[in-house]
Amino acid sequence: MNLDLSIIPFSARYSYMAICELPENHGGTGCDAGLFLKTVRGAARDMLVCALLPLYDGEPVEYTYEATPSELVISHEYGAVRICFASDGIILFKGEGENTGLRFMEVPETSGFKYIHEVRYEGKTHHMVNVPKSRSRYLAHAIEGEIAVEQNWAIKSSGFCVMDYLAANGGFLCVLEEVFPEWGQKKYAFDYIERVNTVKSDFEAFYNSMPETPAEYEEARKLAAYINWSAYVRKSGEFKRDGMLMSKNWMPGVWSWDHCFNAIALSYNNPGLAWDQFMLVFDLQDKSGSVPDCINDAYSTSNFCKPPIHGWTLFKLAERMELSAEQCAEAYDRLGRHTSWWLKYRDGDGDGICEYWHGNDSGWDNSTAFSVIPPLELPDLAAYLVIQMDALAWLAEKLNLPDGAAEWKRKADKMLENMANHCYKDGVPLALQSGTHIESGNDSLLMYMPVVLGKRLPEHILKHTLDVLKSGRFLTEHGYATESPQSKHYRPNGYWQGPIWAPSTMLIVDGLIESGEKGLAGEVARKFCEMVKKSGCAENYDALAGEGLCDRAYTWTASVFLILANFLNSIPAF
């Protein structure tokens, strides 16, 4: 499998470093097109660390590259530079050819090296590369060959910095190590081929553990596996466990519903990883019961939240993995406090229906359902809370807590009754401003997400919901558009105002199955899988053209593809 680094970064499991390809003047930097080293650390004000320029006789040369999960090979007329990850914190650079080299060049108008200084240990010279705007620091060392530095020192920083790895006796083998906070006075000794093979084996094992898919999706399955494998980062700072980022492109964080889909994909054959991915955001749960909107290794944010799909996720995990008594107890505590937070703090008018304070809270940031100022009472939120309370009742039964089970079952039934009476009129869903109950008119698919309740929905509501989902109002050749293509607000690349997304697709497919519509569920799943096969694991897709949009190496898309493609194994072809 060859990787296009303009779409999918070259990285390795657990690393905070990646290499990508960017166009000329990316982000107004004034840089030439080419390959760049980047950091996905959360504290970085600028993710770009430097450009990578192959050299001959000290001058940049034209090159091509080929990238696989285990190795990046940059080739030119005079030789090559081979690159692999020796570990999560170390990249190896192996140069081949007389007078060849590799330059680490500052990026104009962005991070740039502020300065490089020598560090000596046991007679060996290393170079410490300090990149404050990227909040990163690296130790460079030549095991074979040499390192040359040019910089313009001006009392407290350098106006420019350039560092070259240079060949001696036909090649070089150099190390670049991320160092926080100290470098540990290490001695470096690596067998390059052995490290490539180790990375290859690690990826292959992860790939082989992914859910099985129909044969026609095997290449897409491998791509999805690479995206998820390479998006992992090591436990650090706010990450109390190893975790899978949403992307190592431009979304290097974990949002508190995105992680759920990744956990489900892992649950098939990696129950330990699945549980860690599920609980990652709950490690930072507030004493009030709320969980952060987004976390990375450096900080968490709580300006917004995300929809409470965690009870639904727990049910999905339990279908694939055996939950221990300890895990059930942990989930019961965390989900219980999370649900109580919604009930206590997100029902401002006290009508028994919880509310979103912003579109971001729903996960559908700019859905047209939010055409009036929030707080808004939407039926999807009530539906998720019903399922979450059902999950808590189920956990209480497993933990032999009959009073808790009865109480959560009572609350779930009451929330469902409130939703049916308050959020629907003649079976049609309503978006209502909290307090005033002014209707927010819209044509957003968000209003039909309660299908996830399946046959738990009142019959007249389920009938209208299924009638809409079976019609052409939202369903296109490629799946469910998030805004009806007939709407005046529909935009092909309008984020949640048109494009197809993985999470909405999976939740609807699951709801269709629960509603007895397995045939339609299979049709929608196949549409989505065909789109991924054609356009990769994009953040979202043009609903009419099926083309990938925004970040095109997104993990929840990879995970939903793996889940839905596996589902296709269980049903007839459509």
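What follows draws every value from the coordinates through simple rules; no lab data is involved. This one's a predicted model, so the numbers in the text were calculated from it and none came from an experiment. Heads up, the Cβs are rebuilt from the backbone with ideal geometry, glycines too, and the neighbour counts pull from every protein chain shown.
Taking amide H atoms as placed 1.01 Å from N in the peptide plane, list the residues 5 or more away in sequence, or in a different chain, whose amide H sits under 5 Å from that of residue 34.
For residue 34, the qualifying residues are 22.
Over region 17-195, what is the relative contact order in percent, taking alpha-carbon pairs closer than 8 angstrom and at least six residues apart?
20
Give me Rg over Rh for region 17-195, both radii from the alpha carbons and Rh done the Kirkwood way, two decimal places.
Rg/Rh for region 17-195 comes to 0.93.
Which of the peptides 401-407, 252-258 is most tightly packed, and how do the rest follow, judged by the mean count of other Cβ atoms within 10 Å per residue?
Values: 401-407: 14.0, 252-258: 24.0.
In decreasing order of mean packing, 401-407, 252-258 become 252-258, 401-407.
Scan the chain and note any complete DSSP helix (H) whose C-alpha atoms cover at least 15 Å along its axis and whose Kyte-Doolittle average is 1.0 or more.
502-514, 555-568
Decide, for the chain, between rounded, prolate and oblate: order the square roots of the alpha carbon gyration tensor eigenvalues as a ≥ b ≥ c, take rounded if a/c falls under 1.5, and otherwise choose prolate if a/b is larger than b/c, else oblate.
Cα axes put the chain in the prolate bin.
Normalised by the residues of the chain, what does the relative contact order come to in percent, with Cα pairs under 8 Å and at least six apart?
About 11 percent, as a whole number.
By the gyration tensor of its Cα atoms, with a ≥ b ≥ c the square roots of the eigenvalues, what is the shape of region 474-554: rounded for a/c under 1.5, prolate for a/b over b/c, or oblate? Write out the running numbers ahead of the final one.
On the way: a/c = 1.96, a/b = 1.31, b/c = 1.50.
Oblate shape, in that a/c is at least 1.5 and b/c is the bigger or equal ratio.
So, in nm, how far is label residue 470 from label residue 413 when the simple model puts each one 7 Å beyond its Cα toward the Cβ?
Each label point lies 7 Å from its Cα, and together they span 3.1 nm.
Could you give the length gained by full extension between residue 77 and residue 168, i.e. 0.36 nm per residue of separation minus their alpha carbon distance, to one decimal place?
Extra length available between residue 77 and residue 168 comes to 31.0 nm.
What are the ³J(HN,Hα) values, in whole Hz, obtained from phi via the Karplus relation 6.51 cos²θ - 1.76 cosθ + 1.60 with θ = phi - 60°, for each residue of region 91-99 in sequence order, with x given for Gly and Pro?
Once θ is set to phi - 60°, the couplings for region 91-99 become 10, 9, 10, 10, x, 10, x, 5, 6 Hz.
Mind sorting 117, 76 by how few other Cβ atoms lie within 10 Å of their own Cβ, fewest first? Can you show the working numbers first?
Working: 117 13, 76 18.
Listed from fewest to most nearby Cβ atoms, that is 117, 76.
For region 407-562, what is the relative contact order in percent, using Cα pairs closer than 8 Å and at least 6 residues apart in sequence?
Once divided by the residue count of region 407-562, the mean separation gives 19 percent.
Which whole-Hz couplings ³J(HN,Hα) result when phi for each residue of region 352-368 is put into the Karplus expression 6.51 cos²θ - 1.76 cosθ + 1.60, θ = phi - 60°, listed in order with x for Gly and Pro?
Taking θ as phi minus 60°, the curve returns x, 10, 6, 9, 8, 8, 6, x, 4, 4, 7, x, 9, 3, 10, 4, 5 Hz for region 352-368.
Along region 142-153, what does the Karplus equation 6.51 cos²θ - 1.76 cosθ + 1.60 (θ = phi - 60°) give for ³J(HN,Hα), rounded to whole Hz, x for Gly and Pro?
Going residue by residue, I get 9, 6, 10, x, 8, 10, 10, 10, 10, 8, 10, 6 Hz, with x marking Gly and Pro.
Order of 489, 259 from fewest to most other C-beta atoms within 10 Å?
Ordered from fewest to most neighbouring Cβ atoms within 10 Å, 489, 259 come out as 489, 259.
Which value, in nm² and rounded to one decimal, describes the direction-averaged projected area of the C-alpha convex hull of region 185-293? Write out the running numbers ahead of the final one.
On the way: hull surface 38.5 nm².
Answer in nm², one decimal: 9.6.
Run lengths n ≥ 4 of DSSP H only: what is the helix-derived mean residue ellipticity at 222 nm for the chain, with -39500 (n - 2.57) per run over all residues, to the nearest 500?
On the way: 13 runs with 182 residues, N = 574.
It lands at -10000 deg cm²/dmol.
So how much slack lies between residue 190 and residue 534, counting 0.36 nm per residue of separation and subtracting their Cα-Cα distance, in nm?
Full extension of this stretch gives 119.9 nm more.
Taking neighbour counts of Cβ atoms within 10 Å as a proxy for exposure, in what order, fewest first, do 98, 194 appear?
Sorted ascending by nearby Cβ count, the order is 194, 98.
So who's got an amide H within less than 5 Å of the one on residue 253, skipping anything under 5 residues away but keeping other chains? H placed 1.01 Å off N, in plane.
Under 5 Å from the amide H of residue 253: 246, 247.
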